[in-house]
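Asker: Dropping the structure in here first, questions after.
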Amino acid sequence: MTRSSRTLALSVAAAVVAWSAVACSSAGGGPETRDAAGVQRFLDRYDAALRTGRFTDFYALLSPRFRSLCAREDFLPPDVNDPDKRDFNWSHTGRRDLHIEVSGNTARVTYVFTYDGEDSRTITEDDPDIYTYVDGHWYDDLKGSTDCHGD
């Protein structure tokens, strides 16, 4: 290897390391950080799974506690991926005024749920959504529900 090609290789390696450091720091240290930014990234994946009809991916984001109580085939109806069988279109949903409070392994989240851009329901401090951090990952614990349908 000539001196100029070695210099070029070292320059490229340094650029890759620098780019990786910038990418990681701008991503908040990875998708599963135990802070509000980590919860936000989790919610982005959670909402994307619902909006795009990837309900099996959505089920995987439910807490291990809940999944131990409710098998996927019991939680998701057999025709869940058939858009003609759904009376609710998740692709029309959104959140606004999102507030995330993380304390240890629990995140309390409040927001206004929207449907077709209109306010539909407000999740308040009195009854926030609860997310749990287990083994390096955030999960929806469905507010501690023991009912297979989240009721």
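The values are calculated or read from the model by the stated rules, or taken from the named source; none is laboratory data. For clarity, every value in this text was computed on a predicted model and none was experimentally measured. Virtual Cβ from ideal backbone geometry, glycine too; neighbours counted across all protein chains shown.
Asker: Against the definition (crowded, with 16+ Cβ neighbours inside 10 Å, at pLDDT 85 or above and closer than 16 Å to V134 by Cα), how does S68 come out, yes or no? Please lay out each step first, then the result.
Answerer: On the way: crowded, with 16+ Cβ neighbours inside 10 Å: no; at pLDDT 85 or above: yes; closer than 16 Å to V134 by Cα: yes.
In short, no.
Asker: Scanning segment 103-150 for residues that are touching a strand residue (DSSP E or B) at 6+ places or on another chain (Cβ under 8 Å) and aliphatic (A, V, I, L, M), which turns out modelled with the lowest pLDDT?
Answerer: Within segment 103-150, the match that is modelled with the lowest pLDDT is L142.
Asker: Separate question: What are the residues in segment 98-151 that are within 16 Å of G38 (Cβ to Cβ), touching a Leu at 6+ places or on another chain (Cβ under 9 Å) and outside any strand (DSSP E or B), if any?
Answerer: Hit for segment 98-151 is D141, nothing else.
Asker: Could you go through segment 87-94 and let me know if any residue there is modelled with pLDDT of 85 or more, in a strand (DSSP E or B) and either in contact with a His (Cβ under 8 Å, 6 or more places away or on another chain) or not aromatic (F, W, Y) (or both).
Answerer: Yes - at least one qualifying residue is present in segment 87-94.
Asker: I've got another one for you. So, of the residues in segment 94-151 that are of a type in the set (F, W, Y) and closer than 24 Å to F75 by Cα, which turns out to be surrounded by the most Cβ atoms within 10 Å (Cβ to Cβ)? Let's see the steps before the verdict.
Answerer: Here is the first cut: in segment 94-151, the ones of a type in the set (F, W, Y) are 111, 113, 115, 131, 133, 138-139.
Next cut, closer than 24 Å to F75 by Cα only: 113, 115, 131, 133, 138-139.
Details: F113: 14, Y115: 14, Y131: 24, Y133: 21, W138: 26, Y139: 21.
Applying the filter and picking the extreme gives W138.
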